[in-house]
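One structure is given below, encoded as structure tokens.
We did not get these values from a lab; they are worked out from the coordinates using the rules stated. No experiment lies behind these values; they were computed from the predicted model shown. All Cβ positions, glycine included, derive from the backbone under ideal geometry; neighbour counts span all protein chains shown.
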Amino acid sequence: MIGGLFIYNHKGEVLISRVYRDDIGRNAVDAFRVNVIHARQQVRSPVTNIARTSFFHVKRSNIWLAAVTKQNVNAAMVFEFLYKMCDVMTAYFGKISEENIKNNFVLIYELLDEILDFGYPQNSETGALKTFITQQGIKSQSKEEQSQITSQVTGQIGWRREGIKYRRQVLSAHVSGRVVMKSYLSGMPECKFGMNDKIVIDKQGKGGTTDDTGKSELGGSGKQSIAIDDCTFHQCVRLSKFDSERSISFIPPDGEYELMRYRTTKDIILPFRVIPLVREVGRTKLEVKVVIKSNFKPSLLAQKIEVRIPTPLNTSGVQVICMKGKAKYKASENAIVWKIKRMAGMKESQISAEIELLPTNDKKKWARPPISMNFEVPFAPSGLKVRYLKVFEPKLNYSDHDVIKWVRYIGRSGIYETRC
Amino acid sequence: MPYFGSEETVKELKRALSNPNVQADRLRYRDYISKVIRYMTQGLDVSALFMEMVKASATVDIVQKKLVYLYMCTYASVKPELALLAINTLRKDCADPNPMVRGLALRNMCNLRMPGLTEYLEQPLVAGLRDKASYVRRVAVLGCAKMHSLQPSTEIDSSIVNELYALLRDPDPVVVVNCLRALEEILKDEGGVVINKPIAHHLLNRMKDLDSWSQSEVLTFLLRYIPRSDEELFDVLSLLDAFLQSPHAHVAMATLCLFLHYASSHTAVQNDALQRSTAPLLASCGTTSRELRFAGLCHIRQVMRSQPSLFASHYKRFFCSYSEPGYIKLHKMEILVELVNDENVALVLEELRSYCTDVSPELAQAAITAIGRIARTYTEKCLEILTGLLSLKQDHITSAVIQAFKDLVWFCPQSTASVCNAIESCTDRPQDSEGKRALLWLLGEHSEGISSAPYVLEELCADELKTEWSPGVKLELLTAAVKMFLSRPAETQDTLGRLLHHCIEEESDMCVRDRALFYYRLLQRGIQETKRVLSGPKSDPSLSMLTGRQEEPVIRWVSDFNTLAPLMNKHDSMLKESERLLATQPMGVFSALAPLMDNGTSSPLQTERQRRASEPVVTTTENEPPPGDTDTTLSSHGKEDEEEAFCLSASPPLSHEEFEKLWVELQTLHTQNLLAPCAQTAPETLQAILQMVHIQTLAFTPAHTLPWRAFLYTRSAATIILTEILQEEDTVQVSVKQYPENKLALRGFLSTLQSAFQTLNAENTCENVALSF
């Protein structure tokens, strides 16, 4: 299995190195640095084979994480494991950066000790790990806590420790291509989650119980139900129940977690349209005009809009005129960055720029990279909506009504590109 | 920083760690210990602090304990006698009331890599296996495997094995999976853990309790179990049905693998499973993580080997996004080529065309090659695009387009006219040798269709005389000139004459010179004779019938599915495969494996044989025989190779980098002293002599320097032999490395080498004699 895990900074300095199996020597650390991090050409594959040792690497900002093995392992699993590892570290100390890793290196060694043993994944759920690694490290656990560890590690529910108590019961769902849930609930509650999944709605429609959710107060999407192409769930969701009844019921982990991830391809409302116009005026001048149109209900506001218009490498100067927001030419990024703080629905805004070029004898034509865009909109462009979320806790005396719930919909741009 | 004044640093740390004031202050003490670990991580040797660190292990601070254990596990093998001091503390901890401390101590005790540990280990391990806390049991179970790996040669303790088998029924899911892992390692020599019916059914019932890592491992273990009846088989499959849609790509793929494996005699079930797993596979290539996307794409390509049309309706998912890394784009293009059908061809071509102007020349060329492959079915549309690309006048694009034309003409003779027109109007010349060769081939083969062909050839020929080209291009140039002479003698005669003259008189490359001489003599025998020899088929229409790759049976790739193999390129995946075989089969497979290693590039004889084995696929294009082929050819090749006479060959050439990599990787197999101390006198002569016996000299130090060194390599059948010759004073030492090992070839090589040296000596003595006279 995994023979060793190494973490490097962008210069290739080793920040963490943990070897699990004998067949991985110290020279493996250097082999990866020399062959991959310091290699001249671009990374050709996330898996590198050096001297019959396979190196799987993942890059987070400028940190390299590499798993090393000599066996023919399941590649998808190793990558997923590396990502899990990143998640765990993020849950403990926030963003993965050189600074954070250096400051928390003791903690990381502790984590690596628990997560893998002899190269085999053992326990990778942040919730459960927090009982082992408390960052205090002092042997001061009471008898009660000790027995808790015992029951915890024997228990069936690896993702939630028992005996969590909160005064207020808070729960919120946040829909954005994935459903992220934050729950702070006492005891071992059982939750049910409902959404406007087409299959469920159709089924209920036949049964005669029609829901009122069709009356949407949200953005452009007036659809009653959406067709979900495929979805994946957090391990706490009972898959068998989902398969048979399409109902999502689960015992939630504590804190923030991703309940489900879904994908739709049909009837997606694109919140923005980007219309680019590029005109080459002679050899040393380019005229660019970009119009963006917001395509959702006027009462809603999109936020943090950023349009990135690429410019050729031989740009010497740029003059920009825009009606809304701020635009700037960033020479280091070879792009005009246009930022708009807020924009209501059904509006239009445009920017025009004159780009002066240095004459070059380079015959290569400019490749015209796409215009990319970032934004946040307060609705789910997929049309997914949360219909209900119910909480049942039989042992402790709080009911569904006592739970404070709220839902926030955010449509965040992933890769939003328009070719020009 | 740690490399400078490292001794000072270690001394300073030593002083601090033994300072009672520091020891009294818990936080400061821990701080110094973490400093030690930090230096250890950076590669500084801090083993001198072992004594102080052992002392620090006797503490109540768990974090400090963990750090010290980490230190001890790293250096225990260097200082075994000091490590024994720590054993007492560890054993005491193994009896601690806190399960976490017990587990920690046991785990680290097993991690100490030193001999003689076993006697101390056994008792706490057995106790750990029966511990009431599952945390300790998890550790103990894997501890058994670690103990075994410490002393792999010792007898397997059957009581421990039995205990582990019993623990498969443990209530804790991780203990169960750890048991499987441990048993697998301990019983490796006997074929790994045995999965019988009760165990298999038990595991199947526990599947839903396991975490995703365990699930995918258990599914792999279950591959070993063969259901007794069809009824049982379908029960098992329906139990696992839900896992086909698992959110974790690796679990979904492991399940698919199991389905395909179990249902190998039920094609309908297999197809259904493949159909149902399209969603998770597609989802895995839509994830935000590039690496998982890459893994997903590689697996999709494997599935497509059997069901090319499975993903046809999802072709849009394989359009590249601008910011994706090259390795993903390349795979997506490959997939797109396979998915083309009548409905989507226009859109796919449109998309591919936009990739042709990619900033990276490699991707642009890949896109052009992809269009070239689609052109075999949709000739007209693609030709239009390809011809349009020529007008961009960029070297790398022109070169790739001409190469695509070359392949196209070979496959679809009906496209010849338009290709010829395109070449006619193209004024740009490719600059790289591959592109040049393609252009020359087209000119020579279709000189009737290209009216300006002789003039282009003349221009290229003049170029050739000015600048040095690679031998490959020169060979192609010669052939093209002779062929053109046959069809358009008047316009070519002059050029051909000059070319032949140049190649025979001034060329230093033997191959080119020989070829030129050959053509010269052939032409002397008359035009008819030359025509008979040179005119082969101009295209192979029978190949154009093959619009896509043939569907392979699932069984060809299923054994590799969901491992590392699909992610590596073909050659590497074969290495992996052979390694796996090596691991499982003890002896006598070397020769059988030999054809796998070089895949038809080693000797002409072998290539010929492979050509015969997989007739339709070996052509001028990159369409190599599918890797699965080797499975079938494996057994038949083995025998032949053993009987085959020993012969050396220096091709394909090995680059310096490759040589260096192999040299570092391999162990020296054989060293020998030669009694021929005058090798250094004339390295050039030596090189020439060795070349005659097909041993290539890669590098040598200048003559008359001591010690004198030379690096040689050669190939025989399927092994590659690397050699270093080192001459000091009056001894010549030869060290040989070989991969894969083949005693027969090694012996042959050594005797060849020896006789080469003797020849050299004989020559030298002659010279000396001549001089003395």
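Some observations on this one:
- The calculated FRET efficiency for B:Gln754 paired with B:Met510, based on their beta-carbon distance and R0 = 22 Å, is about 0.35.
- Summed over all non-identical Cα pairs, the Kirkwood treatment of the stretch A:4-132 gives a radius of 14.9 Å.
- Using only the C-alpha atoms, the convex hull of the stretch B:164-268 corresponds to 100 Å³ per residue.
- Using the Stokes-Einstein relation with a Kirkwood hydrodynamic radius computed over Cα pairs, the translational diffusion coefficient of the stretch B:212-300 at 20 °C and a viscosity of 1.002 mPa s comes to 161 µm²/s.
- Karplus 3J(HN,Hα) series, Hz, for the stretch A:380-386 with 6.51 cos²θ - 1.76 cosθ + 1.60 (x for Gly, Pro): 9, x, 6, x, 5, 9, 8
- Over the stretch A:249-325: Kirkwood hydrodynamic radius from C-alpha pairwise inverse distances, Å: 17.4
- The share of Cα pairs per 5 Å bin across the stretch B:6-210, counted from zero up to the longest distance, runs 1, 7, 15, 16, 16, 13, 11, 8, 6, 4, 2, 1, 0 percent.
- Rg over Rh, two decimals, the stretch A:272-377 (C-alpha only, Kirkwood Rh): 1.02
- The base-10 log of I(q)/I(0) for the stretch B:187-344, evaluated at q = 0.14, 0.19, 0.21 Å⁻¹, reads -0.75, -1.15, -1.31 [Debye formula, identical scatterers on Cα atoms, solvent excluded].
- The stretch B:7-18 - phi-based ³J(HN,Hα) in whole Hz, Karplus 6.51/-1.76/1.60, Gly and Pro as x: 4, 4, 4, 4, 4, 4, 5, 4, 4, 5, 5, 8
- Pairs over the 23 Å Cα-Cα cut-off, from the set B:Lys474/B:Lys737; A:Lys102/B:Lys55; B:Lys14/B:Lys35; A:Lys304/A:Lys326; A:Lys385/B:Lys316: B:Lys474/B:Lys737; A:Lys102/B:Lys55; A:Lys385/B:Lys316.
- Working note: Debye formula, equal point scatterers on the alpha-carbon atoms of the stretch A:86-130, no solvent; log10 I(q)/I(0) at q = 0.17, 0.22 Å⁻¹ is -0.45, -0.73.
- Values of log10 I(q)/I(0), in the order q = 0.19, 0.22, 0.23, 0.29 Å⁻¹, for the stretch B:698-754 under a Debye, Cα-only, solvent-free model: -0.68, -0.83, -0.88, -1.16
- The calculated pair-distance distribution of the stretch B:32-144 uses every alpha carbon pair, bins of 10 angstrom beginning at 0, and gives 15, 48, 31, 6, 0 percent.
- Measuring spread by the Cα atoms of the stretch B:275-430 yields a radius of gyration and Dmax of 16.1, 52 Å.
- The modelled label-to-label distance between A:Val278 and B:Glu343, using points 7 Å beyond Cα along the C-beta direction, is 3.2 nm.
- As a length-normalised measure over Cα pairs under 8 Å and 6 or more apart, the relative contact order of the stretch A:4-74 settles at 34 percent.
- Translational diffusion of the stretch B:403-529, µm² s⁻¹ [Kirkwood Rh, Cα pairs; Stokes-Einstein; 37 °C; 0.692 mPa s]: 222
- Estimated D of the stretch B:298-360 in µm² per second, where Rh is the Kirkwood radius over Cα pairs and Stokes-Einstein applies at 25 °C, 0.890 mPa s: 203
- For the stretch A:4-132, a crude dipole built from +1 on the beta carbon of Lys and Arg and -1 on the beta carbon of Asp and Glu, taken about the Cα centre, is about 560 debye to the nearest 20.
- Loop sites in the stretch A:35-71: trypsin sites (Lys or Arg not before Pro), DSSP, at most 10 other Cβ within 10 Å: A:Arg40
- Converting phi to 3J(HN,Hα) with the Karplus coefficients 6.51, -1.76 and 1.60 and the offset θ = phi - 60°, the stretch B:53-64 yields 5, 4, 4, 5, 6, 7, 8, 8, 6, 5, 4, 4 Hz in sequence order, with x at every glycine or proline.
- Annotation: amide H-H contacts under 5 Å for A:Leu15 (H modelled 1.01 Å from N, sequence separation of 5 or more, or interchain): A:Ile7, A:Tyr8, A:Asn9.
- Charge dipole (Cα centre; +1 on Lys/Arg Cβ, -1 on Asp/Glu Cβ; no other charges) of the stretch A:272-377 amounts to roughly 240 debye.
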